Amino acid sequence: MRKLKWWQQLWYQLGFVLIALFVIVPIWGMAQMAFDASVRGWPTEFRLIPREFTLDVFRAVWERPAQTLSFLGTLQNSLFVAGGAALIAVSFGASLAYAFARLRFPGQQIGLFALLLGALLPPVALMTPLYILLSAVGLRTTLVGIMIVYAAISMPLCVWNMRAAFQAVPKEIEEAAFIDGATAWQTFWRVTLRLAMPSIGVAALIAFLIGYSEFAIGWLFVDKPGNVTLAMAISNLQRQIGTASWSHLAAAAIMMSLPVVIVFVVLQKYLLRGSLFGAVDE
Amino acid sequence: MSQKSSPNRLLLIIAVLAVTLVALGVRLYAVDKLPIDYDEDDYLRAGQLYATGLQNGDWSVFTRENYRTEHPPLTKLVNGLIMAGLPPAPEIPNRPTSADPARQLPQPHLDKVRTVHSIFGTLEVLVLSLINPLAGLILAVHTWTIKYTSQVMLEALPALTSLLVVVFYLKSKGKFNLWLLLSAIMLGLTAAAKYPYVMVGVAVLIHWLWESWPGREIRPGQSDASAVQWLRPIILWGFLALIVFFLADPYLWPDPINRLRDSLGYHGRYATTATEVAQANRPIWEPLVLLAQSVPWNSDVFPAPLDTFTLLFAIFGLKRLWQKHRVFALWLIIVFVFLLFWPTKWAQYILMLTAPLALSAVEGWRAVVWEPFSRWVQRIRSVGVKRPTCPQIKNAWRETRQAFPWLVPGLIALGLIALFPLIYQLAMSLTDLTSSSLRDGMRGGVWRAVGEGLTGQAKPVTVIVDPFARRTSNEVHYAGPQLLLNLLTGGVADLVVFEVVWTVSAVFLQTALGVGVALMLQRAGVRFKGLWRTLFIVPWAIPEFVGAIVWFNIFEPTNGWISLWLHKPFPWQQNPTTSLVVLLIAALWMGWPLMMLASLAGLKMIPPDVYDAAAVDGAKGWMRFRAVTWPLLLPVLAPVLIIRAILTFNQFYLFYAMRANYPTLTLSTAAFYFFDATSEYGGQFAVAAAINIFTVILLLGFVIWFSRRKQTQAAEVY
């Protein structure tokens, strides 16, 4: 391709600036409020920069985003629930994904189809059945209960991703392990799993993020303030808007998203591969 | 046709007669049964004015009166002629257009006029079934078509004449002859019966220009005379139509220009100022909503409420209709686009396109059901079903045993957390489970009710979908598949159509922006690529519901950025079209970065020499993208597109956080509101479950369709 002339370069950069504005302006519209001490309740005037710069809002949110829990408390719940959900989804899904990727058995196509059905089901559809199931075993209102629900939501996608990850491992390496006398289990545990680990990590991360940002289902299950997750606390702030301040909501949303954004920026290449569902094998 | 043997012709005649009889029977039944509707008193009164004039020998009534001047008088004249032969009736009062349906109208005048209209409707079916009997049958039972050709409306006559415009035009083969003359006369009558129906003339015009376009053969340097020569038939056609229109509209005779201007100008004013239009507040995709459901009122009048399937098949058949009967396809498309942008969204307007719609539905039926089915039957006949042999079974058993330990943990988990919910939802949708019977339902009442129902021990009860109905029953009852059947036959057509419009436009916008920016970023020599890319992925990293809150802050109706900036409220939720735009902006922001990254990954895999080859062939710009880049990119994007389409279809947090209103909700959001006991409609668990099952059925259809399409495309490429 030819080199760009300076005015072409200018057009390109102008285009990028426009798109960057589309990306940034909405975020800024919210972020500036979190630093503004003059916003009490509703914002009442259009502002591009805070009137009275402050960090108090963040401090207040840090201390108490939900009724009784501190920010760290809700974050802890979030990490527990989302991390556990990711762990369940990955560990129960891994062998299944491997079977679909490598083994041959009757009903394989139907099985894949059923997996897809799970992914097609809107999350809301899981609520009543799981509500009843978890009530039956007495887990419904516990954090473990929510963890299982979130695992259910992310598992079909997780299996799908890991299947792609296992398929990407060269068959020759497995065959070599077989020839060296490894059993099927040893081959899986020692060879395939290790090689697919980065992609499995990505699948786990995606499952984690689903649990980290879910709130609507959580609210239907939780009945004590001590079990509120961060996403649930923020959704509650939004629901109570009017009594709670918008700047609090903004600050909480930023505090929740910042770690995720950093993770995404750092790991973008790996995360992308996990989001392409096996279409690209680099 | 002439080559066909006589038994075939006999069969055709029998089919046409049978379809016509069906159409007539159904319409006469509707004439008898349908209650008096809006506007019927208006058009009956208009006819009565003419009839009274005729009976008194006052011929000037034709040039003096045109009650409801916004519509031309031809149908009203017909009404007048019918009523002139009947004994005079008390005068029908003059009431505003927005008035409720009249309580009572003079008999037998109402029935007689309705009957004549229904005969026009039957003739339309007869003409269409001469082209294709199956299309005739579809039109014969199409509920909207039955309804508005069996009442005293304006639709029956122009629907018939507009079909005749096309049929005579096709007969003429575009030459100036008797058939084209007849076509022009029909167009004039169409215009004199109801203005919007002349869109059929636009379709004919475009088709004529397209077919006879001389530019392909004739080289430059031709004289202007040839252009006149070329256009002569169609100019004569249009001119003749205009004369017929004028002759058939006696109200215009005394003062043509001013009266025509008044009459036409009314529509613009009505659409922008009438309170009933503003109150109805219909989205621009309303024509699709209407076509996607059968007439929701007076369901006992219509024998086969299958309009939903007519639309579905028509969509699948459009491509073949385009190849086979291009003028009908043009008619369908042009009128549909017209209806999208025509601000008045009354249901009767869709009769402008039901005739080509029925033809398209036939093509869709052939392409989607009939031909695959007959191919399958042929294959079965020629090959027979393969039975597995003994070694194959043994082999399968061995494979299963090997795979078994791998499958068990995952299958148990998946079964409990994905398949069990699916089955349970299906069971719930067959009951009347609500918040008041939840306790019973959770203790196995759902299974008991379904079991009783399926073994015939319990009769299905009727589910009342009404948040304010008192729900006192503590027990779950079997309700049968009524909720599912209702959904499948267009019961929530407005939500489904919104879903489709929403998913298609959201995925399209995200893909367009993502691919576009990826192409820009991939161009050699562009500076700061890494910086821009990192900046652009930020919305991808932000959790969906935080993204929704970000946009809620912008668009909040009274205190959001936009309304503070404008110093006035921005009530976007109250208008479906504005809602769609606002939600699309937010969805575009959230979704395009992933499409950009996926496109970047895909673009990297395209070898540069492909472009060199394309450059040799002279492909540039859009051509190069269309012919080279996109086909190579699509296989990479396809899985992402599928998943994105599914997630967009099931999008929930955005709609929840933005507080979107009915009917701009996704099905899963609606299911949540029906489920959530704290919401206004909440606690209707059976309804929520039925919606969820319905969603899965729709998505399953989409996935199967998409994978088939991909297969056929792959077969075409390789």
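The values are calculated or read from the model by the stated rules, or taken from the named source; none is laboratory data. Since this is a predicted model, take the numbers as computed values, not measurements. Heads up, the Cβs are rebuilt from the backbone with ideal geometry, glycines too, and the neighbour counts pull from every protein chain shown.
What the table shows:
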read-out	value
Residues located in region B:654-675, provided they are under 17 Å from B:L583 (Cα atoms) and facing another protein chain (nearest Cβ under 7 Å)	B:Y656, B:A657, B:S668
Failed item, numbered, when B:Y478 is tested on (1) touching a residue at least 24 places away in the same chain (Cβ under 8 Å); (2) in contact with a Lys or Arg (Cβ under 7 Å, 6 or more places away or on another chain)	(2)
Pairs, first more than 17 Å from B:A156 (Cα to Cα) in region B:67-81, second surrounded by 24 or more Cβ atoms within 10 Å (Cβ to Cβ) and among the small types (G, A, S), C-beta under 7 Å, six or more apart	B:Y67/B:A46; B:R68/B:A46
Extreme residue, modelled with the lowest pLDDT, among residues of region A:1-13 that are loosely packed, with under 13 Cβ neighbours inside 10 Å and within 7 Å of another protein chain (Cβ to nearest Cβ)	A:M1
Pick from region B:41-66, criterion of a type in the set (S, T, Y), part of a helix (DSSP H, G or I) and out of contact with any Ser or Thr (no Cβ under 9 Å at 6 or more places or on another chain), ranking: farthest from B:M153 (Cα to Cα)	B:T63
Counted residues, region B:442-452 - those being touching a helix residue (DSSP H, G or I) at 6+ places or on another chain (Cβ under 7 Å) and within 10 Å of chain A (Cβ to nearest Cβ)	2
Residues of region A:14-40 that turn out to be facing chain B (nearest Cβ under 7 Å) and either exposed (fewer than 14 other Cβ atoms within 10 Å of the Cβ) or of a type in the set (A, V, I, L, M) (or both), as a count	5
Hits in region A:58-109 (condition: in contact (Cβ under 8 Å) with a residue 60 or more places away in the chain, in contact with a Ser or Thr (Cβ under 9 Å, 6 or more places away or on another chain), hydrophobic (A, V, I, L, M, F, W, C) and not in a helix (DSSP H, G or I))	A:A66
Of all residues in region B:78-122 being of a type in the set (K, R) and assigned to a helix (DSSP H, G or I), the one that is nearest to B:A51 (Cα to Cα)	B:K112
Test: residue in region B:74-83 that is of a type in the set (G, A, S) and modelled with pLDDT under 95	yes
Residue satisfying all of: in region B:527-540; at the interface with chain A (Cβ under 7 Å from one of its Cβ atoms) and free of Cβ contacts under 8 Å to residues at least 12 places away in the same chain; farthest from the chain's Cα centre (by Cα) among these	B:R527
Single residue of region B:129-177 satisfying the filter (among the charged types (D, E, K, R) and not in a helix (DSSP H, G or I)) that is farthest from B:E211 (Cα to Cα)	B:E155
Any hit, region B:62-69, residues being buried (at least 17 other Cβ atoms within 10 Å of the Cβ) and more than 12 Å from B:R45 (Cα to Cα)	yes
Qualifying residue in region B:451-469 (condition: assigned to a helix (DSSP H, G or I), surrounded by 15 or more Cβ atoms within 10 Å (Cβ to Cβ) and without any contact (Cβ under 8 Å) to a residue 40 or more places away in the chain)	yes
Candidates A:L116, A:L87 - the one that is among the hydrophobic types (A, V, I, L, M, F, W, C), surrounded by fewer than 21 Cβ atoms within 10 Å (Cβ to Cβ), more than 8 Å from chain B (Cβ to nearest Cβ) and within 23 Å of the chain's Cα centre (by Cα)	A:L87
Verdict on B:T115 being polar (S, T, N, Q), touching a helix residue (DSSP H, G or I) at 6+ places or on another chain (Cβ under 7 Å) and crowded, with 24+ Cβ neighbours inside 10 Å	no
One residue from B:L594, B:L580, B:L584 being of a type outside the set (S, T, N, Q) and farther than 24 Å from B:N281 by Cα	B:L594
Residue check for A:P43: at pLDDT 85 or above, surrounded by 13 or more Cβ atoms within 10 Å (Cβ to Cβ) and within 7 Å of another protein chain (Cβ to nearest Cβ)	no
Residue, farthest from B:Y662 (Cα to Cα), within region B:277-330, restricted to residues that are among the polar types (S, T, N, Q) and surrounded by fewer than 16 Cβ atoms within 10 Å (Cβ to Cβ)	B:Q323
Extreme residue, nearest to the other protein chains (Cβ to nearest Cβ), among residues of region B:567-603 that are closer than 30 Å to B:V628 by Cα and aromatic (F, W, Y)	B:W589
Selection count, region B:664-694, where residues are of a type outside the set (V, I, T) and outside any helix (DSSP H, G or I)	9
Residue, surrounded by the most Cβ atoms within 10 Å (Cβ to Cβ), within region B:387-430, restricted to residues that are touching a helix residue (DSSP H, G or I) at 6+ places or on another chain (Cβ under 7 Å), more than 8 Å from chain A (Cβ to nearest Cβ) and assigned to a helix (DSSP H, G or I)	B:S429
